[in-house]
1. Among the listed residues Gly161, Gly104, Gly149, Gly124, which satisfies the condition of being within 23 Å of Trp201 (Cα to Cα) and in contact (Cβ under 8 Å) with a residue 60 or more places away in the chain?
2. Taking region 151-199 as the search range and keeping residues that are part of a strand (DSSP E or B) and of a type in the set (Gly, Ala, Ser), which one is farthest from Ala253 (Cα to Cα)?
3. In contact (Cβ under 8 Å) with a residue 24 or more places away in the chain, in contact with a helix residue (DSSP H, G or I) (Cβ under 7 Å, 6 or more places away or on another chain) and part of a helix (DSSP H, G or I): does that describe Leu220?
4. I'd like to verify a number: residues in region 55-80 that are free of Cβ contacts under 8 Å to residues at least 12 places away in the same chain and basic (Lys, Arg), how many?
5. Looking for whichever is out of contact with any strand residue (DSSP E or B) (no Cβ under 9 Å at 6 or more places or on another chain), modelled with pLDDT of 95 or more, part of a loop (DSSP other than H, G, I, E, B) and closer than 26 Å to Ala155 by Cβ here; the options are Leu37, Leu111, Leu87, Leu81. Which one fits?
6. Please work out which residue is surrounded by the fewest Cβ atoms within 10 Å (Cβ to Cβ), limiting yourself to region 95-150 and to residues that are more than 17 Å from Arg52 (Cβ to Cβ), small (Gly, Ala, Ser) and more than 16 Å from the chain's Cα centre (by Cα).
7. Touching a Lys or Arg at 6+ places or on another chain (Cβ under 8 Å) and without any contact (Cβ under 8 Å) to a residue 24 or more places away in the chain: which single residue out of Glu195, Glu263, Glu270, Glu250 fits that description?
8. Does Ala226 fit the bill of being surrounded by 14 or more Cβ atoms within 10 Å (Cβ to Cβ), under 20 Å from the mean Cα position of the chain (by Cα), modelled with pLDDT of 95 or more and assigned to a helix (DSSP H, G or I)?
Amino acid sequence: MYPESLIADLESRARQLRRDVLQMVHAAGSGHLGGSLSAAEIMAALYFQHLRLDPQRPDWPERDRFILSKGHAAPVLYAALARRGFLPLDELRTLRQIGSRLQGHPDRLKLPGVEMTSGSLGHGLPVAVGLALAAQLQGAKWRTYLLLGDGELQAGLIWEGALMAAKNHLANLTAVVDQNDVQLDGPVHEIMPIEPLEAKWRAFNWNVLMVDGHNVRRLLESLDEAEQVHDRPTVIIARTTKGKGCSFMENQARWHGRAPNDEELACALEELGDD
């Protein structure tokens with residue numbers, strides 16, 4: 001269904017998002033790299049192909065809503081918004097500076113394109129449920145999309161939201177889980193195991209899709225498939241690699257929230273290449 005040229009373009013955009021994230025966090029001297037890098041293909045598929053948005057009208061009533069529940073991955077959201085035209089590219093270098101709109105976690109009152117001030121983990125799904133329910137009650141056609149971290153699924157609030165979404169048959173809600181299996185203090189499966197994850201979501205009466213979170217084609221197909229489900233919400237469990245694209249950062253908890261020095265940045269950018 002999707003031409004190879006489009007897939008190649010989105011893969012290139014994902015690499016660009018990674019380069020943006022690395023440079024932003026390096027310039028700021030702080031920020032969350034690992035979970036931003038793992039979500040690059042997910043964000044590229046959403047922002048450059050799937051979401052209905054208008055950067056010239058960020059408050060367009062018919063826009064799709066996207067919520068970054070794992071708000072610490074703000075760098076990849078800011079990069080996607082900038083590359084999509086919601087803010088100037090040169091503003092990315094102001095990440096985490098005093099007075100900047102690009103705070104450590106996204107603030108919907110400061111930046112166009114941000115639907116929720118997030119960062120308190122677990123809150124994104126309940127808010128997304130509220131948005132999807134509002135659209136359902138209004139008979140609106142716009143959809144709500146949500147990006148969750150897998151460590152975030154340790155929060156009970158997530159599962160309360162999941163129950164509410166299933167009860168109300170919110171087929172206009174699609175959640176994506178960035179399952180990179182690494183959180184701040186180590187592997188998710190050691191700190192507080194969440195498996196069997198697929199069975200859990202099915203038990204909560206969600207439609208469940210499993211994908212390689214770095215395979216753009218499968219991500220697009222899964223997002224399309226979710227739109228064909230009319231009786232329940234969908235969750236796409238995307239298996240990813242923390243720190244993807246930079247070999248010395250991959251699957252390393254210490255890169256959850258650490259900025260690279262000059263040498264590390266140069267090494268990472270060299271690995272990613274220049275499109």
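The values are calculated or read from the model by the stated rules, or taken from the named source; none is laboratory data. Remember, it's a predicted structure, so these values are computed and weren't measured experimentally. Using ideal geometry, Cβ is built from the backbone for each residue, glycine included, and neighbour counts are taken over all protein chains shown.
1. The conditions single out Gly149.
2. Ala175
3. Against the criterion (in contact (Cβ under 8 Å) with a residue 24 or more places away in the chain, in contact with a helix residue (DSSP H, G or I) (Cβ under 7 Å, 6 or more places away or on another chain) and part of a helix (DSSP H, G or I)), Leu220 qualifies.
4. Result for region 55-80: 1.
5. Leu111
6. The qualifying residue surrounded by the fewest Cβ atoms within 10 Å (Cβ to Cβ) is Gly99.
7. So the residue among Glu195, Glu263, Glu270, Glu250 that is touching a Lys or Arg at 6+ places or on another chain (Cβ under 8 Å) and without any contact (Cβ under 8 Å) to a residue 24 or more places away in the chain is Glu250.
8. So Ala226 fits the description; yes.
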